[in-house]
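Before any comments, here is the structure.
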Amino acid sequence: MIDITTLPVIPLREAVLFPGVTSPIAAGRPATLRAIEKALKSEDKLIFVAAQRENNEDVTPEILHTMGTVATIGPVQRGPSGMRLLLNGVYRGVAMRYEEEDEYLVAAVRQAEEMPPLDPQAPVFTALYAEARERASELGRRAGMPKEAVQQFLAETNEPGRFADLVAGHLDLKPIEAQRLLEALSTEERLRSVLLHIQRQIDVIDAQESIKSQVQEELGDRHREAFLRQQLKAIQKELGDDTGREDLEELKEKLDALALPAVARKEVDREMSRLERMGPEGMEAQVIRTYLETICELPWDERTDERLDISKASTILEEDHYGLGDVKDRILEFLAVRLLQLRKEKAEASDAAKDAVAVADTAADAVADEDKTDTTPSPTLARDAVGRNPILLFAGPPGVGKTSVAQSIARAMGREYVRISLGGVRDEADIRGHRRTYVGAMPGRIIHGMKQAGSRNPVFLLDEVDKLGASYQGDPGSALLEVLDPAQNDTFTDHYLGVPFDLSEVQFICTANFLQNIPGPLQDRMEVVEFAGYTENEKLEIAKRYLIPRQVKQTGLGDEQITFEDESVQEVITRYTRESGVRQLEREIGRLARKVARKIAADEIETFTVGREQVAELLGRPKVHPEHAAESDQVGVATGMYYTPMGGDIMFVEASPMAGKGNLVLTGQLGDVMKESAQAAWTYAKANAKKLFIDPRDFQQDVHVHVPAGAIPKDGPSAGITMATALVSALSGRPARNDVAMTGEITLSGRVLPIGGVKEKILGAVRAGISTVVLPKENEADLDDLPEEIRKDLTIHLVDELGEALSHTLRGGEFREGRLQFASPGPSESSSSSTLQH
């Protein structure tokens, strides 16, 4: 009767385990790890090892060979990515079937019956076995194994079948060849196959030794060739045919013409001397030549003449961008300061030149052999006169015009414009370059940008500076500290150049979406210019001025063939986009234009006017479903405001009492800070229950606070007033006003603290149909950022305590003489009037 054993399965990729062979493996796939754990729990620790037919991550019975090896598990080393273990092959096994059990494979295995030789003493078989042992010994010695190790290996077994398996386990075989040897049950056949593979590997070693000998001879020939080339170089010099020398002379003339600092001049002269001493064909010569050519291409003394005109700069900014009033004012202030600095520089340089000429005339009279005087003004004086360029950081949501404003600044200043994107950069060498000791070394992106600009005073845009990463290759954000520090960047040293390069005249501008992602020391070196989101009216005007003409031109249409009504653009803004910028708006306008272009190209129509009704017909159903103000007052439902990089909007906070033990239940994926705001509101309501005319027994029941859109994480302290309004409304039975939106942080004593994102929050509330908002009193200055057309139609209540806030957010509430009063009693009250004093 055949014994069949059920064992866990380890699938091997690109490997085969033979009986009698011990092999280390690394296991990381979850199913394999479970199979190993199962085997380790058994007494004999047996496991079935089978090779995969295909190198797939997911293992199925169909891709496993039926012939494998039953092995025992030796020492196991566990790690974070899996485990390493030793497998000791015991005997060949045949998998009768594979099955999946507890998310790993098991196999019903029976031992394979091997076929020994008919006559082990037959001369042919004896000679075959002796030849295999001899060739295995030769292969071991040729592969570099010590003689003692080879003898010990051969002495491990005298049984031909086991010897064949042992040698096969150490041969360099392809997986398919190793599997064939495993499936060879005849000892004589397996021994012949092993002998064949041994001889092949010996032949490979012979070929390698032959190639090595040829290479050594060739290297000797190269030394001889180098000597002959030196002689040829001398002969060419005598004949006047030294073209390589002419190239070096031309390079040397270019280097001599450069106005290099003393440190750079010393390094360049040293490298030039090395290049002249060695042949031009050497690898080192090519590296030095590339380095010197890079030095030549850099703008050491080339500047772009600035043509600053404040009125012209204002016109350029107005032509290129609509809105962004605060940003334009800050840029014009910067340009005005730069203009005055240039005027001062010219005046001081002129005075310095006159003084130098006067000194030279006096010195010429006193000392006859002094024939010239340097009249160039001191670089330190010039730098102090001009002042340091501030590093500007444009921060704001995507699509609001940060990059294009930087281009407009370059236009207004008349400078060259260079842009590099830092998104995803994780290597310090991208900023500082590679040292020349590395093969394929090159300068960093800063020096490459300067070479591209061809001027030492370009406008240099570092885009997406908040997307920098850090890895084992260094932190590029730290490398930028020197670049963006006006006190240090006049001696910026790139690893490839190895000499200082002056970046003090470069106007660096950085852009970012999230300030919190920029390291503190790096942000400290920059002056932040905030870019807020556009209002709907601003987006409409931008679409009419820039987006529609650009998209109509790109689709090949004429201005007379397609017309956009203002209502259609407004529909696209509110129902098909949700962003602070205008990128998605431009894409949707482009979709409309392409739909119309298709109809015109098919001769279905000649002209088309896009109205509000045609938008849904062309673009399909709306993609954005913004919140709208509630239709009526509700008990326990308050309207809050929030802000994201995509813009502001309103949200509802719902509170509902229920039977329980006085617990506060919070749902809606709330963050820790938002949960603490709810706890503060709950404590405030309990502490002031009598003044709020809330029955103390109401706090013995649970109150469930939920913020809808539960799939979206929410956090921040600004929901404090909203949480308090919802809780007080639910516990007192007074309805919260549906036409009021609120925002502000609260304390346990009822103080209302300031918050951020006021402009975006109010714009979102106005879009939702809210006409009254409640804000912290300390945010009054932020209202200056609102457009006048928004403020005139909006009622704004500024509060500094929660009682005053509740008087505006709860229906029937008033705040008189520092007291919260209600005109009529709520359901929980027993009198006709109630007050809350702070």
Report yes if LEU753 is under 18 Å from ARG737 (Cα atoms), in contact with a helix residue (DSSP H, G or I) (Cβ under 8 Å, 6 or more places away or on another chain) and of a type outside the set (Lys, Arg), otherwise no.
-> no
Which pairs have Cβ atoms under 9 Å, sit 6 or more apart or on different chains, and link a residue in the range 135-160 that is on the phi > 0 side of the Ramachandran plot to one that is open to solvent by 40 Å² or more (accessible area, probe 1.4 Å) and assigned to a helix (DSSP H, G or I)?
-> none
When both residues are 6+ apart or on different chains and their Cβ atoms are under 6 Å apart, which pairs have a first residue that lies in the range 254-272 and is within 13 Å of LEU497 (Cα to Cα) and among the small types (Gly, Ala, Ser), and a second that is assigned to a helix (DSSP H, G or I) and at pLDDT below 90?
-> none
Condition check for SER832: over 30 Å from GLU530 (Cα atoms), open to solvent by 20 Å² or more (accessible area, probe 1.4 Å) and either modelled with pLDDT of 85 or more or not in a strand (DSSP E or B) (or both) | yes
Take the range 405-438 and flag every residue that is among the aliphatic types (A, V, I, L, M) and under 13 Å from TYR496 (Cβ atoms).
-> ALA429, ILE431
Considering only the range 84-94, state which residues are open to solvent by less than 10 Å² (accessible area, probe 1.4 Å) and of a type in the set (A, V, I, L, M, F, W, C).
-> LEU85, LEU87
Within the bounds of the range 312-319, is there any residue that is of a type outside the set (A, V, I, L, M, F, W, C), surrounded by fewer than 16 Cβ atoms within 10 Å (Cβ to Cβ) and in contact with a Ser or Thr (Cβ under 8 Å, 6 or more places away or on another chain)?
-> no
Look at the range 587-600 and say how many of its residues are closer than 25 Å to ASN537 by Cβ and open to solvent by 40 Å² or more (accessible area, probe 1.4 Å).
-> 2
With the condition kept exactly as written, say whether any residue in the range 760-776 is outside any helix (DSSP H, G or I) and within 35 Å of the chain's Cα centre (by Cα).
-> yes
What pairs come up if the first residue lies in the range 693-711 and is charged (D, E, K, R), the second is in a loop (DSSP other than H, G, I, E, B), and their beta carbons are under 6 Å apart, counting only those six or more places apart or on different chains?
-> ASP695/SER828; ASP702/GLY660; ASP702/ASN663
Residues within the range 581-590 that are in contact with a Phe, Trp or Tyr (Cβ under 9 Å, 6 or more places away or on another chain) and assigned to a helix (DSSP H, G or I), tallied | 5
Taking the range 417-455 and keeping only residues that are crowded, with 20+ Cβ neighbours inside 10 Å and part of a loop (DSSP other than H, G, I, E, B), one is left with LEU422, VAL425, GLU428, GLY433, PRO443, GLY444
Over the range 312-333, the set of residues under 33 Å from the mean Cα position of the chain (by Cα), in contact (Cβ under 8 Å) with a residue 60 or more places away in the chain and either more than 21 Å from LEU547 (Cα to Cα) or assigned to a helix (DSSP H, G or I) (or both) is LEU317, ASP320, ASP326, VAL327, ARG330, ILE331
Just checking, which of ASP256, ASP329, ASP320, ASP351 is modelled with pLDDT of 85 or more and either more than 30 Å from VAL528 (Cβ to Cβ) or touching a strand residue (DSSP E or B) at 6+ places or on another chain (Cβ under 6 Å) (or both)?
-> ASP256
With the first residue restricted to the range 616-634 and required to be at pLDDT below 85, and the second required to be open to solvent by less than 70 Å² (accessible area, probe 1.4 Å) and hydroxyl-bearing (Ser, Thr, Tyr), Cβ contacts under 9 Å at 6 or more apart or on different chains are LYS623/TYR576; LYS623/THR577; VAL624/THR574; VAL624/TYR576; VAL624/THR577; PRO626/THR574; GLU627/THR639
ASP301 fails exactly one of the following numbered conditions: (1) modelled with pLDDT of 85 or more; (2) surrounded by fewer than 16 Cβ atoms within 10 Å (Cβ to Cβ); (3) of a type in the set (Asp, Glu); (4) assigned to a helix (DSSP H, G or I). What is the number of that condition?
-> (4)
Within the range 549-565, identify whether any single residue is in a loop (DSSP other than H, G, I, E, B), open to solvent by less than 10 Å² (accessible area, probe 1.4 Å) and not charged (D, E, K, R), and answer yes or no.
-> no
Number of the condition not met by LEU748 [criteria: (1) under 28 Å from HIS625 (Cα atoms); (2) part of a loop (DSSP other than H, G, I, E, B)] | (1)
Test set (1) in contact with a helix residue (DSSP H, G or I) (Cβ under 9 Å, 6 or more places away or on another chain); (2) open to solvent by less than 60 Å² (accessible area, probe 1.4 Å); (3) modelled with pLDDT of 85 or more; (4) within 30 Å of GLY399 (Cα to Cα) - MET272 fails condition number | (4)
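This table checks each residue for (1) within 30 Å of ALA768 (Cβ to Cβ); (2) part of a loop (DSSP other than H, G, I, E, B); (3) at pLDDT 90 or above; (4) not aliphatic (A, V, I, L, M).
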residue	(1), (2), (3), (4)
ASP490	no, no, no, yes
CYS510	no, no, yes, yes
GLY533	yes, yes, no, yes
LEU540	yes, no, yes, no
ARG545	yes, no, yes, yes
GLU579	yes, yes, no, yes
Got at least one residue in the range 601-618 being of a type outside the set (Lys, Arg), assigned to a strand (DSSP E or B) and open to solvent by 50 Å² or more (accessible area, probe 1.4 Å)?
-> yes
Which numbered condition trips up ALA781, out of (1) surrounded by fewer than 19 Cβ atoms within 10 Å (Cβ to Cβ); (2) assigned to a strand (DSSP E or B)?
-> (2)
VAL400 surrounded by 21 or more Cβ atoms within 10 Å (Cβ to Cβ), modelled with pLDDT of 85 or more and in a loop (DSSP other than H, G, I, E, B) = yes
Residue hits (the range 752-766; buried (at least 23 other Cβ atoms within 10 Å of the Cβ) and of a type in the set (Lys, Arg)) are LYS761
Which one of the conditions (1) within 30 Å of ASP698 (Cβ to Cβ); (2) in contact with a Phe, Trp or Tyr (Cβ under 8 Å, 6 or more places away or on another chain); (3) not in a loop (DSSP other than H, G, I, E, B) does GLY662 fail to meet, given that it meets all the rest?
-> (3)
State all residues of the range 28-62 that are open to solvent by less than 20 Å² (accessible area, probe 1.4 Å), in contact (Cβ under 8 Å) with a residue 40 or more places away in the chain and hydrophobic (A, V, I, L, M, F, W, C); if no residue qualifies, say none.
-> ALA35, ILE36, ILE47, PHE48, VAL49, ALA50, ALA51
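The values are calculated or read from the model by the stated rules, or taken from the named source; none is laboratory data. These numbers were taken from a predicted model, which means no experiment stands behind them. Quick reminder, even Gly has a Cβ in these numbers, built from the backbone with ideal geometry, and neighbours come from all protein chains shown. Surface areas here come from the heavy atoms of the whole protein model, side chains and all, with no ligands, DNA or RNA. Shrake-Rupley method; radii C 1.70, N 1.55, O 1.52, S 1.80 Å.
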